[in-house]
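The values are calculated or read from the model by the stated rules, or taken from the named source; none is laboratory data. For clarity, every value in this text was computed on a predicted model and none was experimentally measured. Every residue, glycine as well, gets a Cβ built from its backbone with ideal geometry; the counts of neighbours run over all protein chains shown. These accessible areas exclude ligands, DNA and RNA; they are computed on the full protein's heavy atoms, side chains included. Shrake-Rupley method; radii C 1.70, N 1.55, O 1.52, S 1.80 Å.
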Amino acid sequence: MKNKICLILVFLFSFFSESVYSYGKQNEGIINVESRICKACDFTQNGVMARYNTNNSKQEEIKKIVKNINKNFANANCNVMEDEISSRTSTFDIQASIWEENNKTMVEIKIINYNKDSNLGFLMKELTKLQTKNIFHIRYFQYIKGKIKNIEETIDNIKNIQEITNINTLAIHNGYVGTGYIYNGERVNFAVSSYDTGSYLIIGTPVIFATY
């Protein structure tokens, strides 16, 4: 069992060496094919994440993010514990981590959504409302997760999405993990796995940041 887990980690770790682009036309590929991906599964959640550096101090950045949450999201009660911020709105969860590294403040902000009517494009716009000013080295991540009925059929459905090419898969103990490229060169990673609670598809770019 440990060997299988290590194999998955090695497979996924190799993706982190890939270039991660800032949000824009060059990495809107998964947003543009989201509707096709959702046809291969029953939506359960999607999410977006931003990572960036700032010259603000850790405490200053925490205050600014909390201010942005309260400003842009009604009735979003923020919980702050050391370098972690958590908040829940009527539609999704907001999580932020802030830490110091090499004399810079590092920030990671996530929005996890459980409403099928909120797509990745909408979540990206909400995410940008949370970012502070004077940031640099920003990177964006996105994923979609849904429940499926049949693993093999789902793999075939993914391969039939014309906008995703050069698909490679690797069998694991409870399904498959794989990679592919969207038409704009954006790399996507996916997993089709079976658990006690059912079988699921999760697909993200440039890496999957959610637990699965």
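From the helices alone, meaning DSSP H stretches of at least four residues, give me the mean residue ellipticity at 222 nm for the chain, per-run term -39500 (n - 2.57), in deg cm²/dmol to the nearest 500. Write out the running numbers ahead of the final one.
On the way: 6 runs with 56 residues, N = 212.
For the chain, the value works out to -7500 deg cm²/dmol.
Of all GluC sites (Glu not before Pro) in region 40-147, which ones are in loop regions per DSSP and have a Cβ with at most 10 other Cβ atoms within 10 Å?
82
Say we join alpha carbon atoms closer than 10 Å with springs in a Gaussian network model of the chain; which of 50, 191, 74 then has the biggest fluctuation?
74
Name the residues of region 39-59 whose amide N is less than 15 Å from a point 7 angstrom out from the Cα of residue 95 along the C-beta direction?
Taking a point 7 Å out along Cα→Cβ of residue 95, the residues of region 39-59 whose backbone N falls under 15 Å are 45-51.
Charges on Cβ only, +1 for Lys and Arg, -1 for Asp and Glu, centred on the Cα centroid of region 141-181; of 170, 150, 181, which one is farthest towards the dipole's positive end?
150
For the chain, what is the accessible area per residue in Å², given a 1.4 Å probe and the full set of protein chains? Don't skip to the answer; put the middle values down first.
Numbers: 11480 Å² over 212 residues.
Per residue, the chain has an accessible area of 54 Å².
So how much slack lies between residue 35 and residue 150, counting 0.36 nm per residue of separation and subtracting their Cα-Cα distance, in nm?
Details: separation 115, 0.36 × 115 = 41.40 nm, distance 1.92 nm.
Computed gain between residue 35 and residue 150 is 39.5 nm.
Can you tell me the dipole magnitude for the chain around its Cα centre, using point charges on the Cβ only (Lys, Arg +1; Asp, Glu -1), in Debye to the nearest 20?
Here the size comes out at about 340 debye.
Using a 1.4 angstrom probe on heavy atoms only, work out the carbon and sulfur share of the accessible area of region 106-212 in %.
Carbon and sulfur atoms account for 44 percent of the accessible area of region 106-212.
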